[in-house]
Amino acid sequence: PLTAYAAELLEGLVASDRPTVATPFEHLNALLGGGLHGGKLYVLAAPPGGGKTTLSAQIADFAAGAGLPTAYVAMEMGRGQLFDYALARALGMNSAKVEARHFQHSERDRERLAAAARDYLETVAPRLSVIEGDWNTTPAVLNAWVTQARARYALPPTAPVLVVVDYLQLLNTGDETLDSGGAGETPKVSQVAVQLKQLARDSGAAVLALSDIIKSEQKDAIKGQEFTLNMLRGSNRIAHAADVVLAL
């Protein structure tokens, strides 16, 4: 019976240090009750090019800069590309200009890039892990990363940790039958969503998973049509598993 957990529940009710990951956006923090809460799955949905990666990378950089262990699971981008984008954001510079490399930059641009790179590597990088996702990247692997990260920094089991998955539909389940695509996308995405929810619950980490939307809905979404949960690509299970769905 629930009474067996009375002490734990009452302690949680009065706790002032609940594991929360603040975002760099004050209004968003207010809407979310202080930020992204440990033990919860947040889904960020938008059409391709809608700004999912930019927003989630800003949140990850902010968390790592505040000293929280942060994993950015990049299923499409490499560490170098994410690093370039981070410098571009810091400098207010077009990312294409950063990617053009030093031989096309003025002396002033090179100095600004060098300073931004030093600052990022000193303040954000020590607590930020960019995991270049592949076939073997599953929620179970990410659960192990959370445990290892807390051990590495000698943090208690309840310490706030952030895991960002970019993006949900590309993550594998660990079940080869589902991951091979033979059963179609819906069963796999359904299982991934449930596993990410379980990852948040089991590890106590705040999990932010990016989601694409159904291709047939993309044009309407770009035109500003009101977002509905039926737009989430792959399975309605995403909406059921998520504690909060955010849309861009």
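The values are calculated or read from the model by the stated rules, or taken from the named source; none is laboratory data. All of these numbers come straight from a predicted model, not from anything done at the bench. So basically every Cβ, Gly included, is an ideal-geometry build from the backbone, and we count neighbours across all protein chains shown. Ligands, DNA and RNA are excluded from the accessible area calculation, which covers all protein heavy atoms including side chains. Shrake-Rupley method; radii C 1.70, N 1.55, O 1.52, S 1.80 Å.
The table for this structure:
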| quantity | calculated |
| --- | --- |
| Residue selected from the stretch 48-71 under the condition open to solvent by 10 Å² or more (accessible area, probe 1.4 Å) and of a type in the set (Ser, Thr, Tyr), by the criterion nearest to residue 214 (Cα to Cα) | 53 |
| Those residues of the stretch 128-171 which are under 30 Å from residue 8 (Cα atoms) and in contact with a Leu (Cβ under 7 Å, 6 or more places away or on another chain), in sequence order | 139, 142, 143, 160, 161, 162, 163, 164 |
| Test for residue 140: is it farther than 25 Å from residue 80 by Cα, open to solvent by 30 Å² or more (accessible area, probe 1.4 Å), touching a residue at least 24 places away in the same chain (Cβ under 8 Å) and small (Gly, Ala, Ser) | yes |
| Residues of the stretch 147-171 satisfying the condition of being farther than 17 Å from residue 66 by Cβ and surrounded by 23 or more Cβ atoms within 10 Å (Cβ to Cβ) | 165, 166, 167, 168, 171 |
| Any hit, the stretch 131-143, residues being modelled with pLDDT of 90 or more, under 19 Å from the mean Cα position of the chain (by Cα), under 21 Å from residue 209 (Cβ atoms) and among the acidic types (Asp, Glu) | yes |
| Members of the stretch 36-47 that are in a loop (DSSP other than H, G, I, E, B) and surrounded by fewer than 23 Cβ atoms within 10 Å (Cβ to Cβ) | 38, 39, 40, 47 |
| Test result for residue 78, surrounded by fewer than 17 Cβ atoms within 10 Å (Cβ to Cβ) and either touching a residue at least 40 places away in the same chain (Cβ under 8 Å) or under 12 Å from the mean Cα position of the chain (by Cα) (or both) | yes |
| All positions within the stretch 62-89 that are among the hydrophobic types (A, V, I, L, M, F, W, C), more than 16 Å from residue 51 (Cα to Cα) and in a helix (DSSP H, G or I) | 62, 63, 64, 83, 87 |
